[in-house]
Amino acid sequence: MSTTVGYVRKNTFIEKLVANKLFWFLFIAFTFSYPIYKSINRELPPPLPKLYKVPEYTLTNSFNKPFGSKDLEGKIYIAGFAFTSCPTTCPALMEKMDKIQKRVRGLGTNIALVTYTVDPEYDTPEVLFKFARKRHANPYVWTFLTGSEADLKRTIIDGFKVPMGKREPITGNVDGEEVSLIDIAHSEKFVLVDKSGYVRSYYETDKHSINQMMIDVGLLANSLEK
């Protein structure tokens, strides 16, 4: 009769740990609670300073209706400046605004985008209406404004404190042919305005600056500020 010698293998520490119900309870509890703890205790950046309040104004929107600062009360809004026949920087600015419109969808009507023309002579409400429809601008969120030159200068230069120049002829190249175009100097920055009409910050149009603006919009939207 032969004798068989057996070897009893002992579980390693890891195997014992994995088989332990308490380990899995603690593991699951930590996995779900740590992100919550981190979120609650995360240090938020300081609030943006209130630079100054934009004076009250009333202009005309693309539906040929009066529209102004009172219509924007209680909303965060991003102001931009352009003109529809711009041959230089405006097309790129409008593309940026297109992307911003998509990014703020989740805020519904708590956010507004406002484009102020710097060429009221050409940009009538009818011209702005066609331009807005061509860009698929949501009329509940994105508003295009025109008005008299005096009212626009008062709003843009005195209110937002950004430049607005005069119509000036320039020479450009279109399809290899030299042509005369009209250009108007204006700000290429976006202006962030809070629910009470205070300018909070200015942003360049590069990717980093726009991302920062989106963060600041979110912080303002979730703020208890009035």
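The values are calculated or read from the model by the stated rules, or taken from the named source; none is laboratory data. Quick caveat: nothing in here was measured; it's all calculated off a predicted structure. Here Cβ is always computed from backbone atoms with ideal geometry, including for glycine, and neighbour counts include all displayed protein chains. Surface areas here come from the heavy atoms of the whole protein model, side chains and all, with no ligands, DNA or RNA. Shrake-Rupley method; radii C 1.70, N 1.55, O 1.52, S 1.80 Å.
Could you tell me the relative contact order of the range 43-136? Use alpha-carbon pairs under 8 Å, at least six residues apart, and round to a whole percent.
With pairs under 8 Å counted, the relative contact order is 35 percent.
Report, in debye and to the nearest 20, how large the dipole of the range 120-169 comes out about its Cα centre when Lys and Arg carry +1 and Asp and Glu carry -1 on their Cβ.
220
Ranked from the most accessible area to the least, with a 1.4 Å probe and all protein chains present, what is the order of TYR52, TYR203, TYR140?
TYR140, TYR52, TYR203
Which of the pairs LYS53/LYS75; LYS70/LYS189; LYS50/LYS75; LYS153/LYS189; LYS102/LYS189 have their Cα atoms more than 21 Å apart in this structure?
From LYS53/LYS75; LYS70/LYS189; LYS50/LYS75; LYS153/LYS189; LYS102/LYS189, over 21 Å: LYS70/LYS189.
Mind checking the dipole of the range 187-226: about its Cα centre, +1 per Lys or Arg Cβ, -1 per Asp or Glu Cβ, Debye to the nearest 20?
140
Under the rule a/c < 1.5 gives rounded, and otherwise a/b versus b/c splits prolate from oblate, where does the range 61-126 land using the Cα gyration tensor?
Because a/c hits 1.5 or more and a/b fails to exceed b/c, the range 61-126 counts as oblate.
Hey, what do the phi angles of the range 139-154 turn into as Karplus ³J(HN,Hα) couplings, whole Hz, using 6.51/-1.76/1.60 and θ = phi - 60°, x for Gly and Pro?
x, 7, 10, 9, 10, 10, 10, 9, x, 6, 4, 5, 5, 5, 5, 4
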